[in-house]
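Below: the structure, in structure tokens.
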Amino acid sequence: MRYDVSFRPDAIRDVNSHAEYYRLNASLAVASKFYDAVNASVTMLGMQPELGESCSFVRLRESNIRFRRVQGFGEYVVFYRFDGAVIEVLRVLHGKQDMDAVFA
């Protein structure tokens, strides 16, 4: 079964910001690969939402938030919630960001 996926505005901003970073600091090709990798990772979650792990941060664990690394860009993480019908992508963040501060 394939589930619907929606992106929150913050997640869209995250992806665009990271891709812009790659465009400016690497190349347009790398930025395009980043978009493709996010899309592939989220498409995979749409088919198998349980692939992601439960968050270890107490606040996130209580909110039923899961995460999965972006394929090919493992330092980036997709945070999402699955309600049994729809996968809601909450954020796409670099792993070195302060997650507690971001999700405060």
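The values are calculated or read from the model by the stated rules, or taken from the named source; none is laboratory data. Since the model is a prediction, treat every value here as computed from it, not as a measurement. Ideal geometry is used to build each Cβ from the backbone, glycine not excepted, and the neighbour counts take in all protein chains shown.
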Count of residues meeting criterion [outside any strand (DSSP E or B), hydrophobic (A, V, I, L, M, F, W, C) and under 11 Å from the mean Cα position of the chain (by Cα)] in the range 1-36: 3
Within the range 40-56, tally of residues that are loosely packed, with under 14 Cβ neighbours inside 10 Å and either assigned to a loop (DSSP other than H, G, I, E, B) or of a type in the set (S, T, N, Q) (or both): 4
Subset of the range 80-93 that is touching a helix residue (DSSP H, G or I) at 6+ places or on another chain (Cβ under 7 Å) and in contact (Cβ under 8 Å) with a residue 40 or more places away in the chain - its residue that is nearest to ASP4 (Cα to Cα): ILE87
Selection status of LEU24, exposed (fewer than 11 other Cβ atoms within 10 Å of the Cβ), modelled with pLDDT of 95 or more and out of contact with any strand residue (DSSP E or B) (no Cβ under 7 Å at 6 or more places or on another chain): yes
Leading residue by the ranking (nearest to GLY52 (Cα to Cα)) among those in the range 66-103 that are touching a Leu at 6+ places or on another chain (Cβ under 9 Å) and of a type in the set (Phe, Trp, Tyr): PHE67
Residue check for VAL77: free of Cβ contacts under 8 Å to residues at least 24 places away in the same chain, within 26 Å of TYR21 (Cα to Cα), assigned to a strand (DSSP E or B) and within 11 Å of the chain's Cα centre (by Cα): yes
